[in-house]
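Coordinate-derived values only; no laboratory data. Note that the structure is a prediction, hence the values are computed from the model and not measured. Quick reminder, even Gly has a Cβ in these numbers, built from the backbone with ideal geometry, and neighbours come from all protein chains shown.
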Amino acid sequence: MCGRFTLTISPGQLQAAFPWVEVPPDLSPRYNIAPTQPVAVIPNDGNNRLDFFTWGLIPSWSKDPKIGSRLINARAETLHEKPAFRAAFRRRRCLVLADGFYEWRQEPTKKGKTPMYIRLKSEKPFSFAGLWENWYSPDGSKVLSCTIITTSPNNLVERFHNRMPAILSSEVYSDWLEPGDVEYSSLRKLLKPYPDDDMIAFPVSRLVNSPDNDIPECIQPLSS
C-alpha cells in the first residue's frame, strides 16, 4: 500500500528531472500528501504536461465520487481484472511524481507504529506508475482523478509492509505514457519492485500520522 508520500524538491529540480514537461514555477513543497488531495501527475494524453489530479480514482461509471477514497491504490497483479481499473489501465496511464513515501514499522516493545520515510539514496525525484480517469458530476463538471499502482515489496520495504508503490525507471516513462490501448502483458513487466540498493529508509516523527501536518519536520530523521 502507498497511503502517504512527498514531493518536496524545488520546481527547478523537478524541471531538471523531467525536462520534457513544463513544471509550474510556483509549485509548493509537499511533505505529507494524503488521499483525496491534489497530486502532481503527467497523464498519457499526448501533451507531456504536468497537471494536478485528485488522489483516489473515481471510475467513469461511478454514481458517487466518494468511491475514490477507497481506490487510492491498485494492485499490479489484478489491473486487467478489476472493473474499476481495467479500462484505465488500457487507455489512461500516468506518472505520479514523488521524491519519497511513508510506511509504518511495528515496534515490538513499543505501543503503536513508527513512520518510516523511504526515498532514493540520490534524493532525486521519481515517478509512481499510476492510472487516471475522467468523472462527470450530475451538474456536468469534470473531476480528474488517479490511483497509484502497487506491487510486491523489495527487500528494504518488506521490513515494514507487504506491498510497495510501483516506481518506474526513467527509461520506461515513454512506454508507460504511450497513448491509446495496450495489452496487459506488454506493460505488466514494468510493474516490479524498485531495486532496494538504490533506496534508503529511516524513522521520522509521528507528526506525519495527521494529514494536517504538511511541514518539513515530517521528513526529518529521528535522533537515536
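Summary of computed values
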{"item": "Calculated Rg and Dmax of the chain using C-alpha coordinates, Å", "result": "17.0, 54"}
{"item": "Proximal aspartates and glutamates relative to K82, as straight alpha-carbon distance under 17 Å, when same-chain residues fewer than 8 apart are discounted", "result": "E133, D181, E183"}
{"item": "Listed residue pairs exceeding 27 Å between alpha carbons, taken from K66/K189; K63/K192; K121/K142; K121/K189; K66/K121", "result": "K66/K189; K63/K192; K121/K142; K66/K121"}
{"item": "Most to least packed among 212-223, 103-114, 191-202 [average Cβ atoms within 10 Å]", "result": "191-202, 212-223, 103-114"}
{"item": "MRE, 222 nm, helices only [DSSP H, n ≥ 4, -39500 (n - 2.57), over the chain, to nearest 500]", "result": "-2000 deg cm²/dmol"}
{"item": "Centre separation in Å (Cα based) which lies between the range 159-224 and the range 21-46", "result": "15"}
{"item": "Nearby aspartates and glutamates by direct alpha-carbon distance to K124 (threshold 14 angstrom, same-chain neighbours under 8 apart not counted)", "result": "D99, D198"}
